[in-house]
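Novice: Have a look at this one.
The values are calculated or read from the model by the stated rules, or taken from the named source; none is laboratory data. Given the structure is predicted, the values throughout are model-derived calculations rather than measurements. Cβ sites come from the backbone with ideal geometry, for glycine too, and all protein chains shown count toward neighbours.
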Amino acid sequence: MTQQHIPVALDRCIELLTPAIEFSLQHHDATYVIDATLGLGGHTRALLARFPTLIVIGIDRDERAIELARKNVEPFGDRLLISHTTYDQIEEVLLEHNIAEVAGILFDLGVSSMQLDDGERGFAYSHDAPLDMRMDQSTGLTALEVLNTYEHGALVRILRMYGEEKFAPRIADFIIEARNEGRLNSTKDLAELVKNAIPAAARRTGGNPAKRTFQALRIEVNQELSILEAAIPAALKAIAVHGRVVVMAYQSLEDKIVKSYFSEITESKTPRGLPVDLPDSAAKYVLVMRGSEAASEAEIVINPRAQSMRLRAVERLAA
Ligand SMILES: C[S@@+](CC[C@H](N)C(=O)[O-])C[C@H]1O[C@@H](n2cnc3c(N)ncnc32)[C@H](O)[C@@H]1O
């Protein structure tokens, strides 16, 4: 691999997708899996190595990630189709490649280690950089544009909703004051500003006080939650019978969306109390595991990024 990167829960993801892939290999001429978050190609590479005829469709909104994934997956490159888009576009991507359905879809949500470590992208409060935070640098508002143009109320709303920030109104006051005085230009300016906005007593607990503000801005800039809201139903529609969708989420707002879709589609619509499912009201999907899984202690020691990961999976039972 050209960049230092350890794919999270790699063996478990492959294990979860294996029955769906093997079923498809036995019953179809061609078997496809979508890696909805190609990143540096860690999971894709392992899937292509494990299944010698599998074709992976890799989606990523970050052109730099795609460039690196191409290099990392080079030995298997002829079995990787790549789309530079957001993962809610699954239906369009399949149409573009003339593919009707897939055996599995993997989501490894959030930003990659490459994006965080690249000091120029503005994701990390620990590197001084321009306030960009766009995963796709070819489109959309930067974090600085959000900070410079949103009204006080809108800033409070995103800090509260996406950062669960208690001091949202105070931070918004400080943002407005700093932008009016031309003092808000870089990640360092923002991290300092948040530190000053938060009461001293609250600063002593809970890690870097800028963490929640950076998370909120990143979610807003990349429209992460609304895209995920559209992507999960699109993924559920795109998998074949016996196909599986596997999702790794790293923060509770994303995990809540996944959990809620997965519970809804795995519940029978037959009224409670009836002994058998009414025709057409049995659930068409089943949870592969109850609740969610976390990474093992051993994995977290090697790869601290795995600490907050929650993994969920569903399987399609019927058309
Ligand atoms: C955690 S990384 C994936 C790492 C990958 N599994 C690997 O092992 O190399 C997440 C990737 O998803 C991409 N991404 C995040 N949100 C996306 C979206 N809405 N649509 C498409 N790609 C997205 C990011 O650009 C990033 O490259």
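Novice: Return the residues of region 58-83 that are more than 15 Å from the chain's Cα centre (by Cα) and not hydrophobic (A, V, I, L, M, F, W, C); say none if nothing qualifies.
Specialist: Keep residues of region 58-83 that are more than 15 Å from the chain's Cα centre (by Cα), which gives 63-64, 66-83.
Result: 63, 64, 67, 70, 71, 72, 74, 75, 77, 78, 79, 83.
Novice: Could you check region 166-195 and list, in sequence order, the residues that are within 28 Å of residue 118 (Cα to Cα) and exposed (fewer than 14 other Cβ atoms within 10 Å of the Cβ)?
Specialist: Listed by number, the residues that qualify are 182, 183.
Novice: Another one. Tell me, which residue of region 1-20 that is assigned to a helix (DSSP H, G or I) and touching a residue at least 60 places away in the same chain (Cβ under 8 Å) is nearest to the ligand (Cβ to nearest atom)?
Specialist: Applying the filter and picking the extreme gives 13.
Novice: How many residues does region 21-51 contain that are of a type in the set (Val, Ile, Thr) and not in a loop (DSSP other than H, G, I, E, B)?
Specialist: Keep residues of region 21-51 that are of a type in the set (Val, Ile, Thr), which gives 21, 31, 33-34, 37, 44.
Still in the list and also not in a loop (DSSP other than H, G, I, E, B): 21, 33-34, 44.
Of the residues in region 21-51, 4 are of a type in the set (Val, Ile, Thr) and not in a loop (DSSP other than H, G, I, E, B).
Novice: Restricting attention to region 229-250, report how many residues are within 12 Å of the ligand (Cβ to nearest atom) and surrounded by fewer than 22 Cβ atoms within 10 Å (Cβ to Cβ).
Specialist: 4
Novice: Hey, can you tell me all the residues within region 187-219 that are part of a helix (DSSP H, G or I) and under 23 Å from the mean Cα position of the chain (by Cα)? Steps first, please.
Specialist: Step one: list which residues in region 187-219 are part of a helix (DSSP H, G or I), which gives 187-197, 200-203, 211-219.
Residues satisfying the conditions are 187, 211, 212, 213, 214, 215, 216, 217, 218, 219.
Listed here are the residues, each with its yes/no results for (1) buried (at least 18 other Cβ atoms within 10 Å of the Cβ); (2) at pLDDT 95 or above; (3) not hydrophobic (A, V, I, L, M, F, W, C).
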residue	(1), (2), (3)
31	yes, yes, yes
35	yes, yes, yes
41	yes, yes, yes
60	yes, yes, yes
65	yes, yes, no
73	yes, yes, no
82	yes, yes, no
96	no, yes, yes
102	yes, yes, no
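Novice: Of the residues in region 121-135, how many are within 15 Å of the ligand (Cβ to nearest atom) and surrounded by fewer than 17 Cβ atoms within 10 Å (Cβ to Cβ)? Quick ask: steps written out before the conclusion?
Specialist: Of the residues in region 121-135, the ones within 15 Å of the ligand (Cβ to nearest atom) are 121-124, 132-135.
Next, from what is left, pick out any that are surrounded by fewer than 17 Cβ atoms within 10 Å (Cβ to Cβ): none.
Final tally of qualifying residues: 0.
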